[in-house]
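Okay, so here's the structure we're looking at.
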Amino acid sequence: MTRPWNFSAGPAVLPEAVLRQVQEELLDWHGCGASVMEMSHRGREFGEILSTAEHELRALAGIPPSYRILFLQGGATLQFSQVPLNLLRPDGNGRSADYIVTGAWSRKAYREAARLRKVRCAASTEADGEPSDGFVRLPEPGQAVRNDQAAYLHVCTNETIHGVEIHDDGYFGGAVPVVADMSSHILSRPFDVTRYGLIYAGAQKNIGPAGVTVVIIRDDLIGELRDDLPTALDYRIAADNGSMFNTPPTFAIYVAGLVFGWLRDQGGLATIAARNAEKAELLYGAIDQSALYRNPVESACRSRMNVPFTLQQEGLDDAFLSGARERGLLGLKGHKSVGGMRASLYNAMPIEGVRALVDFLADFERRHA
Ligand SMILES: *Cc1c(COP(=O)(O)O)cnc(C)c1O
């Protein structure tokens, strides 16, 4: 049985080898007589699963000992609140945080933080291009109006909806710790953790199933125990309890660990990055040379993971999507806020899937030209 190619933005495609291993181990993990779903998170078996996942991730991404890895819940969305709650005091202590707005997700992060703490928008590319709300380029680093006293500078390094990616870890580097939402491109290429103070990512794009959020945080940002925060939102509590203050999302952590192992077996992040670059080049090449499809993002910051595109002829979207489905190409409908299509090319999407998509793009254009 061959499976269709799944271009969903998230939850998204997982490596088939990982799904098969999960299937094999589903009823009885390593002879312990129970499924990972059924075992105590305090037991030796799950302890092993958690520490393997952490070690695999640390090795894969070269995360130094001065950074903690936390496996949390609540998605990247909860990090929109948890970051400002932890890194800024309610009274501000005279400090605020800076946000760079480059798409729907960093705008959400900024708006949520603004409800809770004193924050500032240091730069935004909203509404200065097309589609209607802009977001087709990055601000020049020099355009950001920075506050060197800020507690942190928040960026979204890959805008999943608008398809805008920061390819250079040092792009917005400066005097203050950078906090990055890497949800949709973490582990898609080697990245320099030491350029960031805190990295977070919901797992369901490029890591594993929904339900676990990875937070990589520099020790000095974890801070003291806080009496002004809900206990379950305090990074200090999560760190001191090894992500087990309460029941962690055990099954999602287990699958994420298998994905980390799969990435290691593929040759690590440099190998996967070369593949991702090849996949993205193939698709953008096909879009750019066609008269029917269009991606509006400036080429220097086009996302290698999420490729939004529109059809330049009215009324063809439904035919495109149903034709794609017939050819075994799933999940191509674009986000409602930008319309059109979106193909997500996460690590687990093989180049064969992108070739099948590119063939379909050409066929469909020929038939409707
Ligand atoms: C999907 C996504 C989110 C939201 O993730 P949830 O896990 O649904 O909260 C936030 N940021 C980015 C960049 C995303 O792609």
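Every read-out reported here was derived from the displayed coordinates using simple, explicitly stated rules and does not represent laboratory data. Computed from a predicted structure; not experimentally measured. For neighbour counting, all protein chains shown are included, and Cβ atoms are generated from backbone atoms with ideal geometry for every residue, glycine included.
Of note:
- Counted residues, the stretch 1-38 - those being of a type outside the set (Phe, Trp, Tyr) and assigned to a strand (DSSP E or B): 1
- Of the residues making up the stretch 34-52, just one is of a type in the set (A, V, I, L, M) and touching a Pro at 6+ places or on another chain (Cβ under 8 Å), namely Leu50.
- Test: Ile63 is under 25 Å from the mean Cα position of the chain (by Cα), touching a residue at least 24 places away in the same chain (Cβ under 8 Å) and assigned to a strand (DSSP E or B): no
- Annotation note: of Val215, Val179, the sole residue that is of a type outside the set (D, E, K, R), more than 12 Å from the ligand (Cβ to nearest atom) and within 12 Å of the chain's Cα centre (by Cα) is Val215.
- Within the span defined as the stretch 255-274, every residue fails to be within 16 Å of the ligand (Cβ to nearest atom), within 25 Å of Gly170 (Cα to Cα) and β-branched (Val, Ile, Thr).
- Residue ID - nearest to Val136 (Cα to Cα), chosen from residues in the stretch 94-114 that are surrounded by fewer than 23 Cβ atoms within 10 Å (Cβ to Cβ) and away from the ligand (no atom under 16 Å from the Cβ): Ala114
- Positions within the stretch 286-305 being touching a residue at least 40 places away in the same chain (Cβ under 8 Å) and under 20 Å from Arg137 (Cβ atoms), in sequence order: Ile287, Tyr293, Asn295, Pro296, Val297, Glu298, Ala300, Cys301, Arg302, Ser303, Arg304, Met305
- Leu72 falls short on exactly one of the conditions (1) at negative phi; (2) surrounded by fewer than 21 Cβ atoms within 10 Å (Cβ to Cβ), and that condition is (2).
- The criterion of at least 3 residues that are among the aliphatic types (A, V, I, L, M) and in contact (Cβ under 8 Å) with a residue 60 or more places away in the chain is met, among strands (runs of 3 or more DSSP E) falling completely within the stretch 148-218, by 213-218.
- Residues satisfying the stated conditions in the stretch 51-60, i.e. crowded, with 19+ Cβ neighbours inside 10 Å and without any contact (Cβ under 8 Å) to a residue 60 or more places away in the chain: Glu54
- Screening Thr310 on (1) closer than 18 Å to Trp5 by Cβ; (2) of a type in the set (Ser, Thr, Tyr); (3) surrounded by 15 or more Cβ atoms within 10 Å (Cβ to Cβ) shows it passes everything except condition (1).
- Test for Val297: is it crowded, with 20+ Cβ neighbours inside 10 Å and under 30 Å from Val212 (Cα atoms): no
- Qualifying residue in the stretch 319-327 (condition: in contact (Cβ under 8 Å) with a residue 12 or more places away in the chain, more than 26 Å from Val136 (Cβ to Cβ) and not in a helix (DSSP H, G or I)): yes
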